[in-house]
Amino acid sequence: MVHSLFYAGNHIYNPVYRRFYGIIPAPHLYSMPYLPLFLITCMLRPDVSAIQPPAGYTRIHQPATAFGSWLRKVPLKADNTVYLYNGQQKANQSAQFAVLDVTVGDKDLQQCADAVMRLYAEYLYSQKRYAGIAFHATDGTLMDYQSWTEGNRFVIRQGKLKKQRMAAACDSRACFESYLQTVFAYAGTLSLSKELQPLPSVMDIRPGDVFIKGGSPGHAVIVMDVAVNGAGEKMFLLAQSYMPAQDIHILRNPSGAHSPWYSTRQADVLVTPEWTFESGSLKRFR
């Protein structure tokens, strides 16, 4: 990771710094033998919070244990290229401002709604709130992680998804990831849209909210952060995966001269690089 972040052997030319911080660090900084390792790690691992809000805006407050605080800490890749699940580059490389350092897997599963569910499930998992990790399949079957850890699996029986005990109990990271793969296979924008609570106004927007159109085709993007100015006007960051399954990435604003920030004034009908969401698309996890 350290090697990939140094450009031509000299970090002062690293585009990661120019893009997120807008500064050039002192050339001698990393030669200091007493500089704590954790400080170096933080400097070399920019996260979502490193994306500076527009002039005059500050990030809205989020409690330390809130989903929004967790989203701000999701790390960003040094490589700004979006890759598909099969290792190939995505054809459209103009939609992303930054790429989240989140695995996509080697199957065509973690698409749009799946990326939203992945981030929310990862948040709950990090909080050890395992009982809250549960999503409905498109046919309405509840796929809860608690049942999965007890050895239950979700399988098709007579055209319906059924819960059946057919494995040993588990509580490892691999167990969690296997559960998510099953969720991605049987849930989607239609089921997720039904689970989320509609918001009456985009002015209520906060990190973790979702713009979603359920159906086939459908799409979903997640609000990664929100900033506000003195007049109460809000701007927000969006992230998505898409089809085929691909790296989750922060979206550019197509009307904002490469800015990743979107204004609530533009959000009644929200135009993103690869989807337009109609009025009433903003929802929230209950």
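Amide H contacts for Phe97 (H built 1.01 Å from N in the peptide plane; partners 5 or more residues away or on another chain; cut-off under 5 Å): Ile250, Leu251, Arg252. Backbone geometry of the range 95-109 corresponds, through the Karplus equation with coefficients 6.51, -1.76 and 1.60 at θ = phi - 60°, to 3J(HN,Hα) couplings of 7, 9, 9, 7, 10, 6, 8, 10, 4, 10, x, 10, 10, 7, 10 Hz, x marking Gly and Pro.
The HN-Hα couplings worked out from phi for the range 128-141 by the Karplus form 6.51 cos²θ - 1.76 cosθ + 1.60 (θ = phi - 60°) are 6, 8, 5, 5, x, 7, 7, 9, 8, 6, 4, 7, x, 5 Hz, whole numbers, x standing for Gly and Pro. Projecting the Cα atoms of Ala113, Gln127, Trp148 onto the dipole axis of the range 107-156, where Lys and Arg carry +1 and Asp and Glu carry -1 at the beta carbon, places Gln127 farthest toward the positive end.
Cross-link pairs exceeding 26 Å between alpha carbons, from the set Lys73/Lys162; Lys213/Lys234; Lys90/Lys194; Lys160/Lys213; Lys107/Lys234; Lys160/Lys194: Lys73/Lys162; Lys90/Lys194; Lys107/Lys234. A Cβ-based charge dipole, computed about the Cα centre of the range 110-192 with Lys and Arg at +1 and Asp and Glu at -1, lands at about 240 debye.
Taking the highest mean first, how do the peptides 248-254, 196-202, 236-242, 267-273 order by number of other beta carbon atoms within 10 angstrom per residue?
Working: 248-254: 22.1, 196-202: 13.6, 236-242: 25.7, 267-273: 16.4.
Going from most to least packed, we get 236-242, 248-254, 267-273, 196-202.
Distance from the C-alpha centroid of the range 189-229 to that of the range 69-131: 17 Å, rounded to the whole angstrom.
In terms of other Cβ atoms within 10 Å, Asp114, Asp106 run from fewest to most in the order Asp106, Asp114. With Cα atoms as the point set, the range 62-105 shows a radius of gyration and Dmax of 13.1, 38 Å.
Which loop trypsin sites (Lys or Arg not before Pro) in the range 59-165, with loop taken from DSSP, have no more than 13 other Cβ atoms within 10 angstrom of their Cβ? Kindly include the intermediate steps, with their values, before the conclusion.
On the way: sites: Arg59, Arg72, Lys73, Lys77, Lys90, Lys107, Arg118, Lys128, Arg129, Arg153, Arg157, Lys160, Lys162, Lys163, Arg165; in loops: Lys73, Lys77, Lys90, Lys107, Lys128, Arg129.
Taking the range 59-165 and a limit of 13 other Cβ atoms within 10 Å, the loop trypsin sites (Lys or Arg not before Pro) found are Lys73, Lys107, Lys128, Arg129.
In this structure the amide hydrogen of Arg153, modeled in the peptide plane, comes within under 5 Å of the amide hydrogens of Gln164, Arg165, Met166, none closer than 5 places in sequence on its chain.
Remark: the range 170-177, residue by residue, has Karplus-estimated 3J(HN,Hα) of 8, 8, 8, 4, 4, 4, 4, 5 Hz, where x stands for each Gly or Pro and the curve is 6.51 cos²θ - 1.76 cosθ + 1.60 at θ = phi - 60°.
FYI, it's all coordinate maths here, none of it is from the lab. Being a predicted model, the structure only gives us computed values, none of them experimental. Glycine gets a Cβ as well: all are built from the backbone with ideal geometry, and neighbour counts include every protein chain shown.
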